[in-house]
Amino acid sequence: MKRRGKSSFPSKYILLLLTVICIMLLFAGYATGYAGEPIRTICNYVFVPMQKGLDYVGESISINSDDTKTKEQLIAENAQLQEQIDELSTQLTNTRLQQSELDTLRELYDLDQTYADYKTTGAHVIGKGTSNWFNTFTIDKGSKDGIKVDMNVIAGSGLVGIVTDVGKNYAVVRAIIDDTSNVSGMILSNNDNCIVSGNLKSMTESNMITFSNLEDSEDKVSTGDSVVTSNISDKYLPGLLIGYVTDITEDNNNLTKSGEITPVVDFKHLQDVLVIMQLKETGK
Amino acid sequence: MEIKGIIKYILVVLAIVIVGFLLQTTVFPHMELGGVTPNIMVIIITSYGLMRGRKQGMIIGFCSGLILDFFSGTTFGLYAILYLYLGFLCGLFKKIFFGDDIKLPLALIGLSDLIYGIAVFVVLFLFRGRYDFLFYLTNLILPEVTYTILVAIPIYYVILKINQRLDKDNKRSSRKLV
């Protein structure tokens, strides 16, 4: 009977060898952005189809508070929602009227290029991040569908994040609530710029992200103001809604302000997102 | 062990790693408790390091780390090196490990997850100026350790049974040859 040759090869050499490989990968990844292309192709065909299938299983067994509600609660909730629908439909009609008026005015001014006109494609979230430390997720569209790195991702009307990695039929998105995410934002009321950063700590404590470096010399910004992506951002398209200012404090230097923002997107229950098929042109 | 046994063994381990990864990224995020999800990869790596020793713990750790690197968006190779050392460390405990005892594996899985959490905090958070270690310890690391240990009980038994079954098959087939 043959023994495996492995036992004659001390494990500390294997450890050393693999450590060196890892360190080389780390440096290569840091310096050139190399991320193991050959193995990536395998991932395309092994993991993504299975993730797609399993995601449905996960959805069906997810811990869901809706299941535990009683009939009375549901009826009450239904009546309340019905009321809301009525209220909203009146609002909608009003908005439509205003919209058509706006459209005619815009045509007059030749300003038909609005922020909302980005071409988008829908995608399904098929996998959540690989750890509790980061807020990244995988979507089921990739380079095959025209997705490229740095494309912006939105859901509903708010900004979700940015594509950081693309495979043939999947893409990895980093959410704006991720601790490493920084977005150049702008307060809508007075067009002042600020930096919106994800923060794991304030996200776990109160579901909020932070902003900093806001000048606001005239003290105009108050809680409830909308924050959108700014027009000077390198990677984010201008005018995408990030959230609302919930808390604002003056920094120690008496020049800038910082505070917290409640994001508009519900990141806990994210299932379908829209990818904007347009990259920001920065002239570089 | 002859070639056929080795191939079968590799395929089984590969399948376990893939299933673990899929569970971690697709099923468990829907079963979030207290804002955390369990770390299935640590369970698999610790179990194999403990049952099979340093070399296999290391190699399995390295490979599953690479898979995580693809889907995590952090610097490439980081999880690989982390899990490589976890696998190695757990392999050191093989000498004091006896079959069906579950206390040692569970304690070790908890310890591995704790080391993993602290390492991630130091490398990816401390260096970026997030100093509040106590907050991250009580809100992320310790809940994750608890949830992981809880989930580890069934998963560890499944891995153990598969491993014992493979061993038996291999012994039988090699006896036949001799």
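Observations on the model:
Every residue, every condition in (1) at pLDDT 70 or above; (2) open to solvent by 90 Å² or more (accessible area, probe 1.4 Å); (3) under 30 Å from the mean Cα position of the chain (by Cα); (4) under 30 Å from B:Gly34 (Cβ atoms), yes or no:
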| residue | (1), (2), (3), (4) |
| --- | --- |
| A:Cys22 | yes, no, yes, no |
| A:Gly36 | no, no, yes, no |
| A:Pro49 | yes, no, yes, no |
| A:Leu54 | yes, no, yes, yes |
| A:Glu72 | yes, yes, no, yes |
| A:Gln80 | yes, yes, no, yes |
| A:Glu83 | yes, yes, no, no |
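- Test: A:Thr204 is touching a residue at least 12 places away in the same chain (Cβ under 8 Å) and open to solvent by 10 Å² or more (accessible area, probe 1.4 Å): no
- Among the candidates B:Gly20, B:Gly5, the residue that is more than 11 Å from chain A (Cβ to nearest Cβ) and small (Gly, Ala, Ser) is uniquely B:Gly20.
The rows are residues; the columns are (1) under 25 Å from A:Gly129 (Cα atoms); (2) part of a strand (DSSP E or B); (3) modelled with pLDDT of 85 or more.
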| position | (1), (2), (3) |
| --- | --- |
| A:Met186 | no, yes, yes |
| A:Ser189 | no, no, no |
| A:Leu237 | yes, no, yes |
| A:Gly259 | no, yes, yes |
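- Counting only residues that are over 30 Å from A:Cys43 (Cβ atoms) and either free of Cβ contacts under 8 Å to residues at least 24 places away in the same chain or acidic (Asp, Glu) (or both), the stretch A:171-196 holds 3 of them.
- For the stretch A:170-199, a residue qualifies if it is of a type in the set (Ser, Thr, Tyr) and more than 10 Å from the chain's Cα centre (by Cα), and the qualifying residues are A:Tyr170, A:Thr180, A:Ser184, A:Ser189, A:Ser197.
- When residues of the stretch A:140-158 are limited to those that are modelled with pLDDT of 90 or more and assigned to a strand (DSSP E or B), the one farthest from the other protein chains (Cβ to nearest Cβ): A:Asn152
- Count of the stretch A:245-261 residues which are buried (at least 17 other Cβ atoms within 10 Å of the Cβ) and under 21 Å from the mean Cα position of the chain (by Cα): 4
- Residues located in the stretch A:124-140, provided they are more than 13 Å from the chain's Cα centre (by Cα) and aliphatic (A, V, I, L, M): A:Ile126
- Residue tally, condition within 22 Å of the chain's Cα centre (by Cα) and either open to solvent by 10 Å² or more (accessible area, probe 1.4 Å) or among the aliphatic types (A, V, I, L, M) (or both), over the stretch B:112-137: 9
- In the stretch B:30-54, residue nearest to B:Ile81 (Cα to Cα) [restricted to those that are open to solvent by 10 Å² or more (accessible area, probe 1.4 Å) and touching a Gly at 6+ places or on another chain (Cβ under 7 Å)]: B:Arg54
- Only residues that are touching a residue at least 40 places away in the same chain (Cβ under 8 Å), open to solvent by 20 Å² or more (accessible area, probe 1.4 Å) and among the aliphatic types (A, V, I, L, M) were counted across the stretch B:138-149, and they come to 1.
- In the stretch B:72-91, the qualifying residues are those that are within 7 Å of another protein chain (Cβ to nearest Cβ) and open to solvent by less than 10 Å² (accessible area, probe 1.4 Å), and the one that is farthest from B:Leu142 (Cα to Cα) is B:Gly77.
- Enumeration of residues in the stretch B:150-178 that are closer than 24 Å to B:Pro29 by Cα, open to solvent by 50 Å² or more (accessible area, probe 1.4 Å) and among the hydrophobic types (A, V, I, L, M, F, W, C): B:Leu150, B:Ile153, B:Val158
- Residues of the stretch B:92-111 that are surrounded by 10 or more Cβ atoms within 10 Å (Cβ to Cβ) and under 23 Å from B:Pro38 (Cβ atoms): B:Phe93, B:Phe97, B:Asp101, B:Ile102, B:Leu104, B:Pro105, B:Leu106, B:Ala107, B:Leu108, B:Ile109, B:Gly110, B:Leu111.
- Complete set of residues in the stretch A:178-201 that are surrounded by fewer than 20 Cβ atoms within 10 Å (Cβ to Cβ) and over 29 Å from A:Phe137 (Cβ atoms): A:Ser189, A:Asn190, A:Asn191
- Flag if B:Ile81 is within 15 Å of the chain's Cα centre (by Cα) and of a type in the set (A, V, I, L, M): yes
- Cross-chain or 6+ apart pairs with Cβ under 8 Å, the stretch B:39-53 first and more than 11 Å from every other protein chain (Cβ to nearest Cβ) and closer than 15 Å to B:Leu114 by Cβ, then of a type in the set (S, T, N, Q) and open to solvent by less than 10 Å² (accessible area, probe 1.4 Å): B:Ile43/B:Thr148; B:Ile45/B:Ser64; B:Ile45/B:Ser112; B:Thr46/B:Ser112
- Of the residues making up the stretch A:117-124, not a single one is open to solvent by less than 100 Å² (accessible area, probe 1.4 Å), within 29 Å of B:Thr25 (Cβ to Cβ), within 14 Å of chain B (Cβ to nearest Cβ) and at pLDDT below 85.
The values are calculated or read from the model by the stated rules, or taken from the named source; none is laboratory data. These figures come from a predicted structure and were not determined experimentally. All Cβ positions, even for glycine, are placed from backbone atoms using ideal geometry, and neighbour counts span all protein chains on display. What goes into the accessible areas is simple: the full protein's heavy atoms, side chains included, and nothing from ligands, DNA or RNA. Shrake-Rupley method; radii C 1.70, N 1.55, O 1.52, S 1.80 Å.
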